[in-house]
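Remarks on the structure that follows.
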Amino acid sequence: LSEGLQAVESADMTDPRVLQRLALEKAEERKLDSALAYAKHALKLGAESDLEVWLLLARVLSAQKRFQDAETIVDAAINEAGKWEQGKLLRLKAKLRVAKGEVKDGIESYTQLLALLQVQSKSFSSVKKMPKEGYDVEGLRSLELGTWHDLAHIYINLSQWRDAETCLSRSRLIGPYSPARYHTEGVLYKRQGQLEEAMEAFTTALDIDPVHVPSLVSKAEILMELGNGSVVRSFLM
């Protein structure tokens, strides 16, 4: 990896794609200042149309706890992006608002995203209206699924169980065998004190995806609560 990174760093520093790769490498190494500098430089050199560069820049700022700056970047990206590319940006904006403690505004952003996804889904169902580029039906499904799970977690944190259950019922229609859905369901049970049901949900998630990290961690936490600490270390390893 280090040799590959050195090769990239010695490449043409006027190529936005090279700078984007460098920004990503630095972000993964948690060298956030360097990642930020490379991502900004990539934008200056003409990467304004690259959605992933905008997302990376906003995520680096978020990792630095600069949530308002990250949201400003997302707003700028939304203005640059076509309507078919705004979904990921709206989801990130919603997450940033929640991170700032602006939960009501975050829910509003998620609502806007769901409305956009509904329009896109209807357009996809019509061949005549289907855009030629920039449309990924699997990506659309994944984004909608993640949005319902995000909302469910918000309502769980607010102890609004019925709203959380509604979100999970909607996600079940999209991905009935999604490990993320079973994990979210487990989190809901755990918050309600139903540890046996929570354990069953986390176990089901791991049956679907044995390396689903959130479920591994959540199951380990329950094992700790049940006094099975001796197996937790090996379980997480």
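The values are calculated or read from the model by the stated rules, or taken from the named source; none is laboratory data. Remember, it's a predicted structure, so these values are computed and weren't measured experimentally. Ideal geometry is used to build each Cβ from the backbone, glycine not excepted, and the neighbour counts take in all protein chains shown. With ligands, DNA and RNA removed, areas are computed over all heavy atoms of the protein, side chains included. Shrake-Rupley method; radii C 1.70, N 1.55, O 1.52, S 1.80 Å.
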Requested in this report: Of the options I73, A27, Y155, report the single residue whose Cα projects farthest towards the positive end of the charge dipole of the chain (beta-carbon charges: Lys, Arg +1; Asp, Glu -1).
Outcome: Y155
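What size of dipole, in debye to the nearest 20, comes out for the chain about its Cα centre when the only charges are +1 on Lys and Arg C-beta atoms and -1 on Asp and Glu C-beta atoms? It would help to have the intermediate numbers written out before the result.
Details: 31 positive and 34 negative charges, 108 e Å.
In total the dipole reaches around 520 debye.
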Query raised in the report: What distance in nm separates the simple spin-label points at E221 and K122, each placed 7 Å from Cα in the Cβ direction?
Result: 3.9 nm
Query - Size of region 55-189 as Cα extents on the principal axes (Å, biggest first) - result: 44, 36, 22
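Can you give the FRET efficiency for S34 and A99, using 1/(1 + (r/R0)^6), R0 = 30 Å, r = Cβ-Cβ distance, to the nearest 0.05? Write out the running numbers ahead of the final one.
Values: r = 23 Å, r/R0 = 0.76.
Efficiency, from the Cβ-Cβ distance: 0.85.
Across all directions of projection, what mean area in square nanometres is found for the Cα convex hull of the chain?
Average projection, Cα convex hull of the chain: 15.2 nm².
Could you please tell me the mean projected area of the C-alpha convex hull for region 30-119, averaged over all directions and given in square nanometres to one decimal? Numbers along the way, then the final one.
On the way: hull surface 21.9 nm².
Over all viewing directions, region 30-119 projects a mean Cα-hull area of 5.5 nm².
With a 1.4 Å probe and all protein chains left in place, how much accessible area per residue does region 164-234 have, in Å²?
On the way: 3830 Å² over 71 residues.
Ligands and nucleic acids excluded, the result is 54 Å² per residue.
Take peptides 29-36, 136-143 and line them up by average Cβ neighbours within 10 Å, highest first, as a rough protection proxy. Intermediate results must be reported in sequence, preceding the final value.
Numbers: 29-36: 15.5, 136-143: 13.2.
Ranked from most to least packed, the peptides come out as 29-36, 136-143.
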Query raised in the report: Of S234, S169, V137, which is farthest along the charge dipole of the chain in the positive direction, counting Lys and Arg as +1 and Asp and Glu as -1 at C-beta?
Result: S169
Query raised in the report: Is it possible to state the helix-based mean residue ellipticity at 222 nm for the chain, with each DSSP H run of 4+ residues giving -39500 (n - 2.57), the sum divided by total residues, to the nearest 500 deg cm²/dmol? What is it?
Result: -24500 deg cm²/dmol
Report task. Give the Rg (one decimal place) followed by the Dmax (whole number) of region 69-109, computed from C-alpha coordinates and expressed in Å. Result -> 9.9, 29
